[in-house]
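A short write-up of the structure that comes next.
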Amino acid sequence: MTSTSLTTPEAVSVSLIINGAHHALMLDPRTTLLDLLREHLDLTGTKKGCDQGQCGACTVLIDGRRVNSCLTFAVMYDGAQITTIEGLAAKGALHPLQQAFIDHDAFQCGYCTPGQICSAAGLIAEGRAKTAEEIRELMSGNICRCGAYTNIVAAIQQVMGRS
Amino acid sequence: MINFHYARANDVRDAVRQIAGDPNAKFVAGGTNLIDLMKMDVERPTKVIDITRLPLKQVENTPAGGLRIGALVRNTDLAYHPLVEERYPVLASAIMAGASQQLRNMATTGGNLMQRTRCHYFYDTATACNKREPTSGCSAIDGHNRMHAILGGSDACIATHPSDMCVALAMLEAKVHVSGASGDRVIAFADFHRLPGDTPQRDTNLNAGEIIIAVEVPPKGFATNYTYLKIRDRLSYAFALVSVAVGLELDGDIIKEGRFALGSVAHRPWRDPQAEAALRGQPANAATFARAADVLLRDAKGYAHNTFKIDLARRCIARALTQAARGTPQSQSSKKIV
């Protein structure tokens, strides 16, 4: 049977655990995870850069894995655990990566930083990068137009050295 | 993006049933290409069937000694799978050469085969494109065609297939297992993607309503003498200008079997039996590699901005064959080409 275009969006129910909090939501299925976070839940730490999966500013962790939240429909992740930059700091103390980014001056304008830090958290969890070269390659999905790459790599190395 | 009905499929049969007879329906899994294209209004499905719950996430040994890779195995999980790293390192390397880690964490095996060209005219709905809108014309042939095909193009389309993974799968002679309303079938990798001809809107020979359920790689993995060499405009996270996947079987210095596939030069991963015949029984040296490259590129055709790719391809083939013969495959983190 051929489907035809809907004139009004239909709502789909989805349940997500975002930074430890349960959310039961009814969503237009076109809602990306990025727009859900920013526009529906006021979690504006996650940034919208290109909205096409090319810049990495929207990087969040889904079930511990880093992904581009701009290229996911939120309704596809029913039951998933989402961690954003707001959820990294435990009990008011900075996450080691947040502290390392400050220590190393690993940003200038800061717009890419939440994505960089979430991506770096995913990178460390993957455990594949050992050298600066490997960090650079596996962080290539996060663009920094200020060009703070050298310090970003140093910040990540500081945390990797600890963990 | 237009409105669409969203549906979840529980198993393969349910997915096939839900898409049957609906030309406006699409499956979504990783979403990394489809959602992008929907945002651009290039893809306008009125029904989107979420197949992420299907039980197609295993990598298993086959009785024949190969591997069966479920269609929903994510790119990173495949590249880092111990059996792939050990027996099919060219596949692992090609996967790691493509996209970014975030995208590889989302993108699936089946979806990689189904991704569309990154021709900018295909993406730009204000321009003519026979792939997006049949018979509207091709803007690339007389336009900005630096990234476009040098082999197998037609007057209707000179788009390239963007995948890295598929180049390795073509070299490995993978098989694509699909399921549809009329049953299951197996498609040889060489027959899966099409040349544009006068129907560039069709990228693959998958029939309407069929779903990829697995990709099978045969036992021969060329784990000793292989490489995946990718040349691009920046060192990481860019589509290839030219890429080459190589697998060699050597007897001393003599090539017993040599296979090589090129990416980003045609509408599908490009292999040429005549070029590979030029390797067989020959010494693994620069003269042999240059001859094989010349055979493969004999009908190459450049356009205003991409003629450089013919010479680039020639050099990439020679370099990749050299890397494979020496057993020094291209590293995907160190970008130094040796």
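Think of each Lys and Arg Cβ as +1 and each Asp and Glu Cβ as -1; about the Cα centre, that makes the dipole of the stretch B:248-322 roughly 300 debye. Of all DSSP bridge pairs formed entirely within the stretch B:241-327, close to 100 percent run antiparallel.
In whole Å, how far is the Cα centre of the stretch A:105-150 from that of the stretch B:280-323? Going from one Cα centre to the other spans 36 Å. Here the label points at A:ALA132 and A:GLN52, each 7 Å from Cα along the C-beta direction, are separated by 3.2 nm in the simple model.
When only Cα pairs below 8 angstrom with a gap of at least 6 residues are kept, chain B shows a relative contact order of 17 percent. Within chain B, the ratio Rg/Rh, alpha carbon atoms throughout and Rh by Kirkwood, equals 0.96.
Charged neighbours of A:ARG145, selected by a Cβ distance under 15 Å, balance to +3 (K, R count +1; D, E count -1). For GluC sites (Glu not before Pro), the sites in the stretch A:1-105 that DSSP calls loop and that have at most 15 other Cβ atoms within 10 Å are A:GLU10. Its Cα gyration tensor gives the stretch A:89-161 an equivalent ellipsoid, and the semi-axes of that ellipsoid, as √(5λ) in whole Å with the largest first, are 17, 15, 11. Computed with the Debye formula from one identical point scatterer per Cα of the stretch B:142-258, without solvent, the log10 of I(q)/I(0) at q = 0.19, 0.20 Å⁻¹ comes to -1.16, -1.21. Reducing the stretch B:80-120 and the stretch B:2-60 to their Cα centroids gives an inter-centroid distance of 20 Å. Counting 0.36 nm for each residue step from B:THR307 to B:GLU133 and taking away their Cα separation leaves a gain of 60.0 nm. Between 0 and 90 degrees, the angle of helix A:113-126 with respect to the longest Cα principal axis of chain A falls at about 80 degrees.
Its alpha carbons give the stretch A:47-96 an Rg and a Dmax of 11.9, 33 Å.
Averaging 1/r over every pair of different alpha carbons in chain A and inverting the result gives a Kirkwood radius of 16.5 Å. Available extension along the chain between B:ALA20 and B:ARG326 is 105.1 nm, counting 0.36 nm per residue and deducting the alpha carbon span. For chain B, a Gaussian network of Cα nodes joined below 10 Å ranks B:HIS193, B:HIS120, B:HIS161 by mean-square fluctuation, and the top entry is B:HIS120.
Partners of B:LYS131 within straight-line reach, counting lysines whose Cα lies under 27 Å from its Cα and excluding those fewer than 8 residues away in the same chain: B:LYS26, B:LYS39, B:LYS47, B:LYS175, B:LYS230, B:LYS301, B:LYS309. The helix-only estimate of mean residue ellipticity at 222 nm for chain B, built from DSSP H runs of length n ≥ 4 each weighted as -39500 (n - 2.57), is -7500 deg cm²/dmol after division by the residue total. Computed from point charges on the beta carbon alone (+1 for Lys and Arg, -1 for Asp and Glu), the dipole magnitude for the protein assembly as shown about its Cα centre is near 740 Debye.
Computed about the Cα centre, the dipole magnitude for the stretch B:58-112 is approximately 120 debye when only Lys and Arg (+1) and Asp and Glu (-1) carry charge, each at its Cβ. With the convex hull of its Cα atoms as the shape, the protein assembly as shown has an orientation-averaged projected area of 23.5 nm².
Every number here is computed from the coordinates shown, using simple stated rules; none is lab data. Owing to the predicted nature of the structure, the values given are computational and were not obtained by experimental measurement. So basically every Cβ, Gly included, is an ideal-geometry build from the backbone, and we count neighbours across all protein chains shown.
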